[in-house]
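The structure under discussion appears below in the form of C-alpha cells.
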Amino acid sequence: MKNNIKQYVVPSKEGGLGTFGGVFTPSILTILGVIMYLRFGWVVGNVGLIGTLLIVVLSTAITFLTSLSIASIATDQRVRIGGAYYMISRSLGLESGGAIGIPLYFAQALSVALYTVGFAESIVNVFPHLDQQTIGIITTVFVAALALASAKAAIRAQYVIMIGIVISLVSLVLGSPIESSSVEMWGASQSNSEGFWTVFAVFFPAVTGIMAGVNMSGDLENPNKSIPSGTFAAIGTGFIIYMVLPIVLASRADALTLIEDPLIMRKMSFWGDAILLGVWGATLSSAVGSILGAPRVLQALAKDGILPRFLGWLGKGSGKDDTPRLGTIFTLVIALIAVWFGDLNLIAPVLTMFFLTTYGVLNIAAGMERFLGSPSFRPKFKVHWFFSVLGAIGCIAVMFLINWVATVTALIFVLIIFGWLKRREMQSAWGDIGRGIWMAVTRAGLMRLSEDQEPKNWRPNSLVLAGSPTKRWHLIDFANTLTHDRGILSVASILPEGSINTGQLQSMKNNIKEFLSKRGVQGLIKVIATKDRFEGISDLVQSYGLGALEPNTIIVGDSEDESRMGEFCRMIDRFYTLQRNVLIVKKGDTKDVFGNRKRIDVWWGGLKGNGGLMMILAYLVNGSLSWREAEVHIKMVIDDEDAIESTKKNIEHILELIRIEAIVDIITSENRPFEEILKHSSKDSDLVFIGMAKPEGDFEAYYKKLQQRIEGLPTTVLALAAQEISFGEVLIQKDTMHDN
C-alpha cells in the first residue's frame, strides 16, 4: 500500500503560548514532579549523597545534550504539532519518525498514569481510609477534562501550582532534621538497598520533563525561539534544585528512614502541609502536561498517515486551536488502564526506556544533519555533531546498563514498527536525510574504490539491455540471479529519438522501477532516446558509470533481426573493445524460459578466459534462491576414450580446489560433430553456458554459424570474457607471498 502524504500546514499561532507559559512552565513542573516528592528520598537512601549527585549529573547531562540537539533542529525548521515526533520525521523520514513517535506517544500516555498514581499514593498516605485505585481513576478523569476544556486554561492553572511548589521547597529548606544522623555518602547497607542503575531508572523520568514543553510545539507563538530558551531554562533550574535537595535530605534523616517513608519531606519541613500542596500540585501539573502532550503526538501521527486507516479520526482537531479532543479521550482510556494496574516503581523504568530511545534518536537526527552539512540544514542554534553523537551514545549506554533485556525489547519494538511502516511504502513531501547519508557513504566509497581489478573482490556488475522490460523480463531475471543483491544491477531501455519527450522518459523510468520493485528486484534504471539504436547502446555502455564503479558485464538478448545482424555484431565487438564481458541470452522453446531450474550445463574448456567466467556465473546462478535445487554439469568433449578417467579426475580436482560442487560429464566425440553432441547432451538442461570466440575476422559469419549451432537448445547463454582479469584467479585465490 502506498500513502502519498502532503505536508499539512498549521496556521501561524498569533496569540499562541509564549516561552514561559508554553515551554518553561510545563517543563519545570514536570521536572519537579512526583519523583522529586515521593521518590527522591528513596533515591538518596539507596545510593547515598554521592550516588544521588552522580545520578542527577548523569541524567541532566543526557537531557542537556539532547536539548542541544532539540534546539538545533527547532531553529532550523518551523516545528509544528507533534514535538519530538515532528522533528524526527522531518529529519529522518516518516518510517523513523513513526517508529519513535508511537513509543513516544505511549510513554507520554503512561506518564499520565505515573503522575496520577503518585498523586493517589500521596493522598492515601495522608488519608489511609481512602482507596488508592479509585483516587487515581478520578484524578485521571479530572486532568483529562481540564485538558479538553482548553490548553491555555490548563497552562494558567499551572501558574498557581508553580507558586505552591515554590512555597513547598522554601518550607523544606527552612525545616529541621527529624533524627540525629550523619550524612551517608553511599546509602543503606548492601542487603537493604537497590543497585545504582535500578535507582537511576526510577529517577530518570524526573528529568524528561523537557518533552512536556517540546510537545506543545503546535500551540506556541514562536516555537523556534521558545523551545530552545524555555528548555534550557527548565533544565538549569531543575539541575540546581536536584543538586541542593540531596544535601538537605541526607543531613536530616538516615538512609533507612529515607527509603521507608515516601513523604519524608513532610516531616522535615518547616510547614509540613506545604509539602502536600507541592506533591499534589506537582503531580497534577505533570499529569496535565503529559495529557496535553500525548494527544498532540497522536494527532500528528494520524495526520501523517502513520497510524492505521481505522484510527485516522485521531488526527481531527476541534476549534480554531485544532485541539485534539478525540485524541485526548483515546489517551484517557490508555491512562486509566495503566492506573488500574499501576505501580509507580513499575511504570517509571518503562518510561525511562521509551524516553531514552526518543532522546537517542533526536541526537542521531541532529548529529547526522550537522555532520552531512546539507545546504538545507541551516539552524540558528549551531551545535557540533560530536555533542549530538555523545548524547546518543550516552542514551544507548545507559539503556543497556539499566536493563539490557528491556533495552533489546524496546529496540525490537521500534524496529517492528519501522519495518511495518517501511512495508507500507510511506512517502512524504518533505524528504529526509537518508539521501544525504547515502550520498556521503557513496562518495566516500567511490573515492576509495581502486581502478585496479582485484580478482578476490570481483563480481558481475551487470548492465541489462532490456528494451521493454515486460517483454524481456528473462534478461533481468537472469541478471538478478547473478547479483544476489550484492553486485550492482542496471537496466537500460533505448528508444527512438523523437518518439518520446523528456517527461515521458521520466515516466517510463518510474514505471520500470515500479515494475522491478513489485518483483523484488533492486536496480538502477536508465532510459535514453537516440537516433540509432546500436550506436546509442554503444555510447551508453562507454559512458555509463561513475569513477571505478561501472558495469563490467553486458547482458543482451539474441538478435532476431537478420537485416541488422552486422550492426549487432559490431556492437558486441565494441563491448569487447571496451573490456566489458558479454552475455548473450537466447531463449529456449519452452513456455518457461528457464524450464524447471533443475539443471545447469557448462560446456567447458578450462579455467582460462570464457571457462573461468562461465564457472563463476554457473556458481552464482546455482547459489540464488530460485536455482538452489539445480545440479551443475561440467561438460567436456574429448577424442580419446582412454583419457576419460584421467580427464574426469583432473576436473574433479579443480572443482575441489575452487570449492564448487558439480557433476563432471566427459563425452567422447566418436567422430560426431560438436553440434550433434551439444544438442543431444543438453536437450534436457534448463540453462546452458557456452563460450564465444573473440570478435575477430568475419565475426558476423561466425556468429550466424553459432546461432545455428545452438538452435533448438534450452535457454542458452553465450559468454565472452573481455576484462583484463584472470577469472581462474577469481576461483583460485593465490597466496602471492608464498607463490613468489
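The values are calculated or read from the model by the stated rules, or taken from the named source; none is laboratory data. These numbers come from a predicted model, not from an experiment. Neighbour counts are summed over all protein chains in view; Cβ atoms, including those assigned to glycine, are modelled from backbone coordinates with ideal geometry.
Does V621 satisfy the condition of being assigned by TED's automatic domain parsing to the domain that holds E675, under 30 Å from R519 (Cα atoms), over 38 Å from the mean Cα position of the chain (by Cα) and not in a loop (DSSP other than H, G, I, E, B)? Lay out the reasoning, then the answer.
On the way: assigned by TED's automatic domain parsing to the domain that holds E675: yes; under 30 Å from R519 (Cα atoms): yes; over 38 Å from the mean Cα position of the chain (by Cα): no; not in a loop (DSSP other than H, G, I, E, B): yes.
Criteria not met by V621.
Collect the residues in segment 318-337 that are crowded, with 16+ Cβ neighbours inside 10 Å, within 11 Å of A113 (Cβ to Cβ) and over 30 Å from the mean Cα position of the chain (by Cα), keeping them in residue-number order.
Correct list: L332, L336.
Matching residues to (1) of a type in the set (A, V, I, L, M, F, W, C); (2) outside the structural domain of A722 (by TED's automatic domain parsing):
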site: I572; (1), (2): yes, yes
site: F575; (1), (2): yes, yes
site: Q579; (1), (2): no, yes
site: R597; (1), (2): no, no
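Name every residue in segment 462-479 that is of a type in the set (S, T, Y) and either at pLDDT 90 or above or under 30 Å from the mean Cα position of the chain (by Cα) (or both), in order of residue number.
S462
Any residue in segment 500-522 that is touching a residue at least 12 places away in the same chain (Cβ under 8 Å) sitting within a Cβ distance under 8 Å of a residue that is surrounded by 14 or more Cβ atoms within 10 Å (Cβ to Cβ) and assigned to a loop (DSSP other than H, G, I, E, B)? List the pairs, counting only those 6 or more apart or interchain.
Once the first residue is touching a residue at least 12 places away in the same chain (Cβ under 8 Å) and sits in segment 500-522, its partners that are surrounded by 14 or more Cβ atoms within 10 Å (Cβ to Cβ) and assigned to a loop (DSSP other than H, G, I, E, B) give M508/I500; I512/P469; F515/P469; L516/P469; L516/G523; V521/L489; Q522/L489.
Just name the residue that is nearest to F196 (Cα to Cα) out of those in segment 358-410 that are crowded, with 19+ Cβ neighbours inside 10 Å, under 16 Å from the mean Cα position of the chain (by Cα) and among the β-branched types (V, I, T).
Once the filter is applied, the top-ranked residue is T358.
Does segment 662-675 contain at least one residue that is within 30 Å of E550 (Cα to Cα) and not assigned by TED's automatic domain parsing to the domain that holds N552?
No.
Examine segment 106-122 for a residue that is acidic (D, E), assigned by TED's automatic domain parsing to the domain that holds K225 and closer than 30 Å to R423 by Cα, and state whether such a residue exists.
No.
Looking at this structure, is T237 hydroxyl-bearing (S, T, Y), in the same structural domain as A145 (by TED's automatic domain parsing), under 30 Å from T328 (Cβ atoms) and touching a residue at least 12 places away in the same chain (Cβ under 8 Å)?
Yes: the conditions hold for T237.
Take the residues in segment 495-505 that are surrounded by 12 or more Cβ atoms within 10 Å (Cβ to Cβ) and part of a helix (DSSP H, G or I), then tell me which one is modelled with the lowest pLDDT. Working first, answer last.
Step one: list which residues in segment 495-505 are surrounded by 12 or more Cβ atoms within 10 Å (Cβ to Cβ), which gives 495-497, 500, 504-505.
Then drop every residue that is not part of a helix (DSSP H, G or I), which leaves 504-505.
Details: Q504: 79, L505: 82.
Once the filter is applied, the top-ranked residue is Q504.
Quick one: which residue in S217, S189, S182, S193 is buried (at least 16 other Cβ atoms within 10 Å of the Cβ), at pLDDT below 80 and more than 30 Å from the chain's Cα centre (by Cα)? Write out each step before concluding.
Details: S217 fails: more than 30 Å from the chain's Cα centre (by Cα); S189 fails: buried (at least 16 other Cβ atoms within 10 Å of the Cβ); S182 fails: buried (at least 16 other Cβ atoms within 10 Å of the Cβ).
One residue alone meets the criteria, S193.
For L607, are the conditions met, namely being within 47 Å of the chain's Cα centre (by Cα), within 26 Å of F568 (Cα to Cα) and either surrounded by 13 or more Cβ atoms within 10 Å (Cβ to Cβ) or assigned by TED's automatic domain parsing to the domain that holds R519 (or both)?
It is false that L607 is within 47 Å of the chain's Cα centre (by Cα), within 26 Å of F568 (Cα to Cα) and either surrounded by 13 or more Cβ atoms within 10 Å (Cβ to Cβ) or assigned by TED's automatic domain parsing to the domain that holds R519 (or both).
Please state which one of V57, V10, V23, V44 is out of contact with any Phe, Trp or Tyr (no Cβ under 9 Å at 6 or more places or on another chain), at pLDDT 90 or above and either in a helix (DSSP H, G or I) or at negative phi (or both). Write out each step before concluding.
Details: V57 fails: out of contact with any Phe, Trp or Tyr (no Cβ under 9 Å at 6 or more places or on another chain); V10 fails: at pLDDT 90 or above; V23 fails: at pLDDT 90 or above.
When all the criteria are applied, what remains is V44.
Among the candidates P128, P103, which residue alone is closer than 16 Å to R296 by Cα and modelled with pLDDT of 80 or more?
Values: P128 fails: closer than 16 Å to R296 by Cα.
P103 is the lone residue from the list that is closer than 16 Å to R296 by Cα and modelled with pLDDT of 80 or more.
Which ones in segment 127-141 are surrounded by fewer than 20 Cβ atoms within 10 Å (Cβ to Cβ), of a type in the set (A, V, I, L, M, F, W, C), assigned to a helix (DSSP H, G or I) and free of Cβ contacts under 8 Å to residues at least 40 places away in the same chain?
Pass one, segment 127-141, residues surrounded by fewer than 20 Cβ atoms within 10 Å (Cβ to Cβ): 127-134, 137-138, 141.
Then drop every residue that is not of a type in the set (A, V, I, L, M, F, W, C), which leaves 127, 130, 137-138, 141.
Next, only the ones that are assigned to a helix (DSSP H, G or I) stay: 137-138, 141.
The answer is I138, and nothing else.
Out of all the residues in segment 582-600, which are farther than 13 Å from A721 by Cα, in contact (Cβ under 8 Å) with a residue 12 or more places away in the chain and within 42 Å of the chain's Cα centre (by Cα)? Please lay out each step first, then the result.
So in segment 582-600, the residues farther than 13 Å from A721 by Cα come out as 585-600.
Then keep just the ones that are in contact (Cβ under 8 Å) with a residue 12 or more places away in the chain; that gives 585-590, 593-600.
Across segment 582-600, the qualifying residues are V585, K586, K587, V593, F594, G595, N596, R597, K598, R599, I600.
When segment 281-334 is examined, which residues are found to be touching a Leu at 6+ places or on another chain (Cβ under 8 Å), of a type in the set (D, E, K, R) and touching a residue at least 40 places away in the same chain (Cβ under 8 Å)?
D304, R325
Please count how many residues of segment 280-325 are under 22 Å from A120 (Cα atoms) and among the small types (G, A, S). Working first, answer last.
So in segment 280-325, the residues under 22 Å from A120 (Cα atoms) come out as 280-294.
This time we only want the ones that are among the small types (G, A, S), so: 281-282, 285-287, 289-290, 293-294.
Going through segment 280-325 one residue at a time, the tally reaches 9.
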